[in-house]
Amino acid sequence: MSDTMKIYLTNDAPAAHWGSADVTFTQGQGHIHLQAGDQLRQVQQAARKLRGQGLAAVQLCGNDWDLNSQWAFAQGFATAKGAGEILWSGDAGMQAALNARLDSANFARQLINDTPENLAPVTLATEAAKWLTQIGGDKVSYRIIEGEALLQHKWIGIHAVGRGSERPPALLELDFNPLDADAPVSAALVGKGITFDSGGYSIKASEGMLGMKCDMGGAATVTAALGLAIKSGLNKRVKLFLCCAENLISGHAYKLGDILTYKNGVSVEVVNTDAEGRLVLADGLQAASETGAPLIIDAATLTGAAVMAVGTNYNAIFSPNSDLLAQTQTKASIVAERVWPLPLDPWHKEMCPSAYADTANSRPMKGGGAGGASNAAGFLWRFVSPEAKWLHVDLAAAFADSANDLWAAGATTHGMLTIAALLED
């Protein structure tokens, strides 16, 4: 076989001596044999098998490869040690679109798979700003508010969660503006950027803590989505807010029973320091609301309850706006990502009651109790402008704790394409 193997798609059954194999090899060429059913899933599974057999470079050949099938192959071919080398099929426009996707996904994957030691909160904010500036040039401006300066701006959630670490928490405020200086903001993105989540004093077990370098997956996903949209010609003003902190234990860490009073006056009793994501997102959602953006999208690896509800092949979505939910499902379908709406009603705001504050950040029971993902979304709703259309994405499919037949272990970047498509609309 040559160093770069040519890979073809076919609907033909394999030769009899291959049995029921879905990937065969003939004269140094690979063939993926598709059957009825979810063919994109079959392509991704085949790519995983090919990568597992030691292939690091492939050329996708023939006329049967479209944009989504090639992207499915790329997702299965990628590993935490590298995306491999793929020579795309199709015309120059399709290849450019795939390269833009791959560059954006590689950026997110590298951040999410990086070690917690390498990726401090300020580092995450800086790397995101640097990458977007490389793409958007002078259309991008930003500032990073860190440490005690967060309190001066009344971003008390990010400060509280991150104050237990020696490395300061930070809020990245980034503005992409390809229009006039006073152009209105069309959309605002908010990402959870917990660079490591020990659970704080509500400490996680070791097996639950091992993958918590991925808890900044929301920040990486919205950053990559914005970068992809810019690469694709985005001509709208978009603001990005990354809420970055390490949730660690120390003499300075926030504690159960603390009460945080937010900029909008909402007081929150801390009943679980492992429900920290919603505490930092509350600041980001308020900052996004202050921009006057008519569309606010937040993304976060927020709850295990979402994983229990939709599994790890879907992201859970929430919004009080049914049209936005339908639009998100349509966009996800077009780019071959999977989302599923979970309930969100006004009474979900009241599902984490407190005797001492307006609300608690969870319920004092394992996993936050029944309906935990919806209750978390209800908590976040308190911090969103009622004038904005708001979408909350709970990234159940953002990270694979171990390799499976679709994904290598580590970041998946699932959700990036959907958010980018919503920005481009």
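The values are calculated or read from the model by the stated rules, or taken from the named source; none is laboratory data. From a predicted model like this one, the values you see are computed outputs, not experimental measurements. Please note: Cβ atoms are built from the backbone with ideal geometry, for glycine as well, and neighbour counts cover all protein chains shown. Quick note on the areas: whole protein, heavy atoms, side chains included, nothing else; ligands and nucleic acids left out. Shrake-Rupley method; radii C 1.70, N 1.55, O 1.52, S 1.80 Å.
Among residues of segment 401-425 being of a type outside the set (Val, Ile, Thr) and under 13 Å from the mean Cα position of the chain (by Cα), the one that is farthest from Pro343 (Cα to Cα) is Gly410. Every condition in (1) small (Gly, Ala, Ser); (2) under 30 Å from Ser250 (Cβ atoms); (3) touching a residue at least 60 places away in the same chain (Cβ under 8 Å) is met by Ala72 except one, and the failing one is (2). For Ala282, are the conditions met, namely being buried (at least 24 other Cβ atoms within 10 Å of the Cβ), more than 19 Å from Ala224 (Cα to Cα) and out of contact with any Ser or Thr (no Cβ under 9 Å at 6 or more places or on another chain)? So Ala282 passes the test. Scanning segment 243-269 for residues that are open to solvent by less than 50 Å² (accessible area, probe 1.4 Å) and within 16 Å of Phe383 (Cβ to Cβ) yields Cys243, Leu260, Tyr262, Gly265, Val266, Ser267, Val268, Glu269.
Taking strands (runs of 3 or more DSSP E) as the structural unit, those lying wholly within segment 1-60 and holding at least 1 residues that are of a type outside the set (A, V, I, L, M), under 23 Å from Ala336 (Cβ atoms) and touching a residue at least 40 places away in the same chain (Cβ under 8 Å) correspond to 5-10. Inside segment 229-242, can you point out the residues that are assigned to a helix (DSSP H, G or I) and open to solvent by less than 10 Å² (accessible area, probe 1.4 Å)? Correct list: Ala229 only.
The number of residues in segment 375-420 being in contact with an Asp or Glu (Cβ under 9 Å, 6 or more places away or on another chain), among the small types (Gly, Ala, Ser) and either assigned to a helix (DSSP H, G or I) or under 30 Å from Gly265 (Cα atoms) (or both) comes to 4. Counting only helices (runs of 4 or more DSSP H) wholly contained in segment 63-161, the ones carrying 2 or more residues that are farther than 28 Å from Ile32 by Cβ and in contact with an Asp or Glu (Cβ under 7 Å, 6 or more places away or on another chain) occupy 121-136. Looking only at residues of segment 67-113 that are surrounded by fewer than 21 Cβ atoms within 10 Å (Cβ to Cβ) and of a type in the set (D, E, K, R), we find that the one that is nearest to Asn247 (Cα to Cα) is Lys81. The number of residues in segment 336-350 that are free of Cβ contacts under 8 Å to residues at least 60 places away in the same chain and of a type in the set (A, V, I, L, M, F, W, C) comes to 4.
Report yes if some residue within segment 200-207 is outside any loop (DSSP other than H, G, I, E, B) and in contact (Cβ under 8 Å) with a residue 24 or more places away in the chain; otherwise report no. The answer is no; no qualifying residue exists. Selection of first residues in segment 113-138 that are within 21 Å of Gly82 (Cα to Cα) and of a type in the set (Lys, Arg) and of second residues that are in a helix (DSSP H, G or I) and open to solvent by 40 Å² or more (accessible area, probe 1.4 Å), restricted to Cβ pairs under 7 Å at least 6 apart or on distinct chains, gives an empty result.
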